[in-house]
1. For the range 19-53, how many residues are in a helix (DSSP H, G or I) and either surrounded by 13 or more Cβ atoms within 10 Å (Cβ to Cβ) or touching a strand residue (DSSP E or B) at 6+ places or on another chain (Cβ under 8 Å) (or both)?
2. Do we find a residue being at pLDDT 90 or above, more than 26 Å from residue 110 (Cβ to Cβ) and in a strand (DSSP E or B) anywhere in the range 57-71?
3. Kindly establish whether residue 96 is assigned to a loop (DSSP other than H, G, I, E, B) and more than 29 Å from residue 107 (Cβ to Cβ).
4. Which one of the conditions (1) modelled with pLDDT of 80 or more; (2) loosely packed, with under 14 Cβ neighbours inside 10 Å does residue 123 fail to meet, given that it meets all the rest?
5. Conditions first: (1) within 20 Å of residue 94 (Cα to Cα); (2) under 23 Å from the mean Cα position of the chain (by Cα); (3) assigned to a loop (DSSP other than H, G, I, E, B). Residue 12 passes all but one, so which condition is the exception?
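The values are calculated or read from the model by the stated rules, or taken from the named source; none is laboratory data. From a predicted model like this one, the values you see are computed outputs, not experimental measurements. Every residue, glycine as well, gets a Cβ built from its backbone with ideal geometry; the counts of neighbours run over all protein chains shown.
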């Protein structure tokens with residue numbers, strides 16, 4: 001089995017639901033052709049170097065997966081049929097891949113992601129607590145000033 005990377009550009013005017021249907025159709029192809037989807041990496045909307053189908057921007061997505069040439073052909077066929085996909089390019093990353101090592105790599109990446117999310121949440125809670133203790137109040141501070149009224153007789157000494 002080989003490891004591939006496919007980068008494709010989707011119409012930027014497409015809604016989140018429209019993109020989700022494309023991703024779901026792609027995810028369905030992998031079990032049908034004995035492939036393994038490693039990651040779908042959404043890069044987001046970016047300016048294109050040149051206009052494609054009269055579009056100046058595109059929504060970039062990177063697929064990292066393992067499979068055979070049949071799977072690559074099927075993915076590219078679905079891109080050619082779908083008008084919402086502006087461009088695509090597939091690159092061979094590795095010729096002979098051990099699936100078990102890829103699965104371990106995926107599990108490790110997922111564990112790191114969960115750990116970083118937990119540390120981010122704990123940092124946010126800790127920062128909120130420390131900010132509450134040290135943050136200045138937005139209410140104006142008033143100093144207690146004694147109103148001292150002096151009478152002319154109080155300041156004079158008796159002679």
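1. Summing the residues that are in a helix (DSSP H, G or I) and either surrounded by 13 or more Cβ atoms within 10 Å (Cβ to Cβ) or touching a strand residue (DSSP E or B) at 6+ places or on another chain (Cβ under 8 Å) (or both) in the range 19-53 gives 8.
2. Within the range 57-71 (the criterion being at pLDDT 90 or above, more than 26 Å from residue 110 (Cβ to Cβ) and in a strand (DSSP E or B)), the answer is yes, since at least one residue qualifies.
3. No; evaluated as a whole, the condition is false for this residue.
4. The single condition residue 123 does not satisfy is (1).
5. (1)
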